[in-house]
Amino acid sequence: MRAEKQILTKEYTARLNASPFFIVIGYQGLKVSHFAELRKRLTQAGAEVHVVKNSIFRVAAKEAGIAELNGSLAGQMAVVTGQKDISAAAKALKNFGAEFDKLRLKFGYLNNQRLEETAIMALADLPSLEVLRAKLLGLLNAPATKLVTLLNTPARQLAQVIKAKSEKAE
């Protein structure tokens, strides 16, 4: 392998090792301006996209310890990686794909488990991580709030009775 290809392979391997996920997309027929818009949207979602050569990516994936890709690398492709939430990146890809018909989701990996297009679309439909955290916090706080309300009810009712008696006596 030539020196340039070895450098690219090491770079792709480092990206795959640093990211908990990657999504392979096909971009054939997509204009350069549209691809720039995709990069911008993915950056906002905490991800990045890189056009890769299939043969080099196959070697990089093998070096990164990813299972056999089973010949699923064909045509023009790019790889989306990121440090944050996969659902934010998947949502950006789904929205972009709805606007520009040329983008195709091929497959992805999350923590060394292969994800097909349907699984990636399901991840795109999930609420953001902040919303999920808020819902979980609400679920954890609800029993405590109900308990405090229940414990305060008799005291509040007693105070209302005493107030009503004092007002009646006057």
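The values are calculated or read from the model by the stated rules, or taken from the named source; none is laboratory data. This structure is a prediction, so every number in the text was calculated from the model and none was measured. Don't worry about glycine lacking a Cβ; one is built from the backbone with ideal geometry, like all the others, and counts go over all protein chains shown.
Things worth noting here:
- Answer from Gly97, Gly138 - the residue that is under 18 Å from Leu38 (Cα atoms), without any contact (Cβ under 8 Å) to a residue 12 or more places away in the chain and surrounded by 10 or more Cβ atoms within 10 Å (Cβ to Cβ): Gly97
- Enumeration of residues in the range 1-42 that are under 15 Å from the mean Cα position of the chain (by Cα) and under 23 Å from Ala64 (Cβ atoms): Ser19, Pro20, Phe21, Phe22, Ile23, Val24, Leu42
- Selection within the range 1-32 - aliphatic (A, V, I, L, M), out of contact with any Asp or Glu (no Cβ under 9 Å at 6 or more places or on another chain) and in a helix (DSSP H, G or I): Ala3, Ile7, Leu8, Ala14, Ala18, Val32
- The single residue among Gly26, Gly75 that is closer than 14 Å to Phe107 by Cα and surrounded by 16 or more Cβ atoms within 10 Å (Cβ to Cβ) turns out to be Gly26.
- The range 40-61 residues that are within 19 Å of Asn17 (Cα to Cα) and modelled with pLDDT under 85, paired with ones that are of a type in the set (Lys, Arg) and in a helix (DSSP H, G or I) (beta carbon under 6 Å, 6 or more apart): Ile56/Lys5
- Residue satisfying condition, being polar (S, T, N, Q) and either in the same structural domain as Ala45 (by TED's automatic domain parsing) or under 27 Å from Ala88 (Cβ atoms) (or both), within set Asn141, Asn152: Asn141
- Residue within the range 4-19 that is surrounded by fewer than 17 Cβ atoms within 10 Å (Cβ to Cβ), touching a helix residue (DSSP H, G or I) at 6+ places or on another chain (Cβ under 8 Å), under 21 Å from Ser128 (Cβ atoms) and not aromatic (Phe, Trp, Tyr) present: no
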